[in-house]
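The values are calculated or read from the model by the stated rules, or taken from the named source; none is laboratory data. Note that the coordinates shown come from a computational prediction; the quantities given were computed from them, not determined experimentally. So basically every Cβ, Gly included, is an ideal-geometry build from the backbone, and we count neighbours across all protein chains shown. Areas reflect the complete protein model, heavy atoms only, side chains present, ligands, DNA and RNA absent. Shrake-Rupley method; radii C 1.70, N 1.55, O 1.52, S 1.80 Å.
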Amino acid sequence: GSSSASTSSSTSSSPSSPFPPSFPGGGNGGGRSNTSTEQIPALVHFLRAVVRASTAAGSHISSVGHLGAFVQRTYQFKDVQVRDVWVPVNPQPGCDPQERKLAAEFRPAFVGFLNSCSPLLLSHGGYTATELSSLEDAARIEIMGGKVPMYVRFICVTGIKI
């Protein structure tokens, strides 16, 4: 018989688009304009810095988007399916109560992720401890204050083991 296999990988949504496609303007910065007078949220700066530092450290952080193709090319699974699951950190205004509850449950884990990035950003991000502390504080305030709508994208790859 065959067994079902499931692989899940997560990544923060693209630093230039911390919103699911259904969010107004999803895919282009969440509907935000790109005017020079607009202030980019600290959280966006933080996530961009994580991507840059990961790359500088030799990680292939952007390769997660290729996970589905990799699983298919192993030829060990059939009926491989890839789907995005967007988990709210701070849901968009007017969301349903269930989405708001999920965000409240997930938010502490996401803050834990931010805290875990400190060694990477200090070693490969070009930040001093004081600069990083300021950036982390500002990002944490945005997250915990619920002022910046944001979702985390989980890429779920499933298939049936051949």
| remark: Taking N as the number of residues in the range 79-131, the ratio of its alpha carbon radius of gyration to 2.2 N^0.38 Å works out to 1.62
| At a Förster radius of 35 Å, what calculated FRET efficiency corresponds to the Cβ-Cβ distance of Ser116 and Thr74, to the nearest 0.05? | 0.75
| the range 42-158: C-alpha gyration tensor shape, a/c 1.5 cut-off, then a/b vs b/c | oblate
| Which order do Met144, Met150 take by accessible area at a 1.4 Å probe, largest first? | Met144, Met150
| query | Hey, what do the phi angles of the range 144-161 turn into as Karplus ³J(HN,Hα) couplings, whole Hz, using 6.51/-1.76/1.60 and θ = phi - 60°, x for Gly and Pro? | reply | 6, x, x, 7, 10, x, 7, 10, 9, 9, 9, 9, 9, 10, 10, x, 9, 5
| note | Non-local residues with an amide H under 5 Å from the amide H of Ser59, with H modelled 1.01 Å from N and Pro and chain starts lacking one, are none
| task | Would you mind computing, in nm to one decimal, how far apart the modelled labels at Ala57 and Ala138 are, each placed 7 Å from Cα along Cα→Cβ? | result | 2.2
| query | Can you list, largest first and rounded to whole Å, the semi-axes you get for the range 106-158 by taking the square root of 5 times each eigenvalue of its Cα gyration tensor? | reply | 22, 16, 8
| remark: Karplus-derived 3J(HN,Hα) from phi for the range 42-53 (6.51 cos²θ - 1.76 cosθ + 1.60, θ = phi - 60°), whole Hz, x at Gly and Pro, runs 4, 4, 5, 4, 4, 5, 4, 5, 4, 5, 4, 5
| ³J(HN,Hα) across the range 102-114 via Karplus (A = 6.51, B = -1.76, C = 1.60, θ = phi - 60°), whole Hz, x for Gly/Pro? | 4, 4, 4, 6, 7, 3, x, 5, 5, 4, x, 4, 4
| Asp96 - accessible surface, heavy atoms, 1.4 Å probe, Å² rounded to 10 | 80
